[in-house]
Amino acid sequence: MEEKLSWSDFEKVEMRVGTIINVNDFPEARKPAFQLTIDFGNEIGIKKSSAQITKRYSKEDLLGKQIVAVVNFPKKQIGTFMSECLVLGSVGNDNDIVLLTSDLKVANGLRIG
C-alpha cells in the first residue's frame, strides 16, 4: 500500500457521477482508447476524457452509461486530445479496466464521498 492520505487530502478530490453522451474512437492514442464526452450536470457541465477501456466496452455499451470521474484534476494533453477529467475504474491484469458506475440512475454531478 502506498502513502496514506489525510482526510483533508481525500476531501480535495472531487469524484462526481456523470453520463457518457458521446463516444469516439481515438486512433492517435498510443494505447487503444476512446474519447468520451460526459455530462456532469448544470454545476460542472460537459467534460471530455480519454479512457483506455476498449477491451471490455464498445461505443454502444458506453452511450448513456453513468460513470464516476475525478473532475478537479488539471487538464491533460493526450496526443491531439485535451482530457478534462479522469474516468475511474478498477485495473486488472493487462490494463483490463472495469468502470466504476452507479447501480441506480442518479442525478449527474452528484459528489462521491
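Odds and ends about this structure:
- Amide H to amide H distances under 5 Å link Phe26 with Ala33, Gln35, where only residues 5 or more positions off or on other chains count and H is placed in the peptide plane.
- Look at Ser83, Ser102, Ser58, Ser49 and count the other Cβ atoms within 10 Å of each Cβ; fewest to most, that gives Ser58, Ser102, Ser83, Ser49.
- Anchor Lys31: lysines whose Cα lies under 25 Å away (excluding residues fewer than 8 positions away in-chain): Lys47, Lys48, Lys55, Lys59, Lys65, Lys75, Lys76
- The range 79-91 - phi-based ³J(HN,Hα) in whole Hz, Karplus 6.51/-1.76/1.60, Gly and Pro as x: x, 8, 10, 9, 8, 10, 7, 10, 6, 9, x, 7, 10
- Vicinal HN-Hα couplings computed from phi for the range 25-36 (Karplus, 6.51 cos²θ - 1.76 cosθ + 1.60; Hz; Gly/Pro x): 5, 10, x, 7, 5, 5, 10, x, 8, 10, 9, 10
- Working note: Karplus 6.51/-1.76/1.60 with θ = phi - 60° gives the range 55-72 the couplings 5, 9, 10, 9, 4, 5, 4, 7, 4, x, 6, 8, 10, 10, 9, 8, 10, 10 Hz, where Gly and Pro are set to x.
A short reminder: the numbers here are calculations on the coordinates, not readings from a lab. It should be emphasised that the depicted structure is a prediction, and the values quoted were computed from it without experimental measurement. Counting neighbours? That spans all protein chains shown, and the Cβs are built from the backbone with ideal geometry, glycine included.
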